[in-house]
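Notes for the one structure printed next.
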Amino acid sequence: MKLKMYIGLLWLLVASQALAQGRYQVGDVVPTPYLKVYGYERFFNSTPIPASVKARMKGCSFKANSGVDWNDLRYLQVLHCDAEGNAIVGELVCAKTIADDLLSIFKALFQSGYPIEKMRLVDDYGGDDEASMRDNNTSCFNQRAITAGGRVSMHSFGLAVDINPKYNPFYKVRGRVYIKPEGSEAYLDREVATPYLIRKGDLCYRLFKQHGFHWGGDWLSGKDYQHFEKPVPRPRTDRNNPPADRRQSLPDPPNPIPQN
Ligand SMILES: [Zn+2]
């Protein structure tokens with residue numbers, strides 16, 4: 001019992017020093033004793049995009065001359081819980097117009113222990129959405145080239161969020177079935193046992209709906225189970241290009257699945 005107390009005190013000391021020195025970085029687990037003493041509010045922040053984050057995003061998730069201005073965006077830091085109950089520092093870039101929504105949603109998800117495995121900028125994956133999804137990384141802002149259909153993803157404006165994408169894939173049938181990310185075929189079975197599955201009516205679904213988001217799992221011409229988007233006016237850009245999820249605009253199925 002005493003040993004447990006000493007270990008707890010030591011952990012608290014290390015944790016306090018870590019915060020004092022600004023050592024809790026994105027991806028770090030914040031020790032429970034620290035959260036018990038200092039609370040979690042300090043980990044939930046919305047700010048203009050810091051210079052260091054701009055440097056990561058430029059030429060990656062943020063393209064020049066895209067029509068989106070840095071002032072249209074916000075950088076969020078939050079805590080999220082993984083399936084093992086670890087409190088992890090996460091980050092997200094989103095449209096300024098939905099920053100308060102997301103802060104409120106992710107705080108409620110954290111408070112209830114709703115599992116989200118990873119949450120870091122897609123720039124850590126070189127802006128490669130597929131790589132980010134395969135790693136089950138939750139993300140929001142990512143500017144994509146305008147597709148042949150002339151349509152732009154809501155992610156390009158930071159108005160859509162993909163939650164636990166590996167376990168909540170996108171799929172569409174267009175002659176044949178194709179899936180994003182590749183390798184997530186098993187999770188088209190929406191009864192499969194994994195803590196990261198989004199189920200209609202669960203807390204994640206309810207919170208996003210309460211804040212006015214649409215869920216890709218409700219779409220009829222395909223499904224995007226990871227995708228929540230808010231239909232609000234986009235920042236200045238070409239109004240002649242109606243937004244749509246980038247994966248709806250893919251020209252050809254890249255990974256056909258044999259039909260049995
Ligand atoms: Zn999406």
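Among Gln111, His227, Gly183, which residue has its Cα positioned farthest towards the positive end of the charge dipole of segment 26-229, with +1 placed on the Cβ of Lys and Arg, -1 on the Cβ of Asp and Glu, and the dipole taken about the Cα centre?
After comparing all options, I get His227.
Take Trp70, Trp215 and order them by how many other Cβ atoms sit within 10 Å, fewest up front.
So the ranking, lowest neighbour count to highest, is Trp70, Trp215.
Could you pull out the GluC sites (Glu not before Pro) across segment 31-91 that fall in loop regions by DSSP (anything but H, G, I, E, B) with no more than 10 other Cβ atoms inside 10 Å?
Taking segment 31-91 and a limit of 10 other Cβ atoms within 10 Å, the loop GluC sites (Glu not before Pro) found are Glu84.
Just to be sure I understand the model, the point goes 7 Å from the Cα along the line to the Cβ. What's the resulting Glu41 to Lys2 distance in nm?
With each label placed 7 Å out from Cα toward Cβ, I get 3.8 nm.
Order of Cys140, Cys204, Cys60 from fewest to most other C-beta atoms within 10 Å?
Listed from fewest to most nearby Cβ atoms, that is Cys60, Cys204, Cys140.
So what is the diffusion coefficient of segment 26-229 in µm² per second by Stokes-Einstein at 20 °C and 1.002 mPa s, using a Kirkwood Rh over Cα pairs?
Estimated diffusion coefficient is 124 µm²/s.
FYI, it's all coordinate maths here, none of it is from the lab. Values in this document were obtained by computation on a predicted structure and should not be read as measured data. Cβ coordinates were reconstructed from backbone atoms using ideal geometry, including for glycine residues, and neighbour counts include every protein chain displayed.
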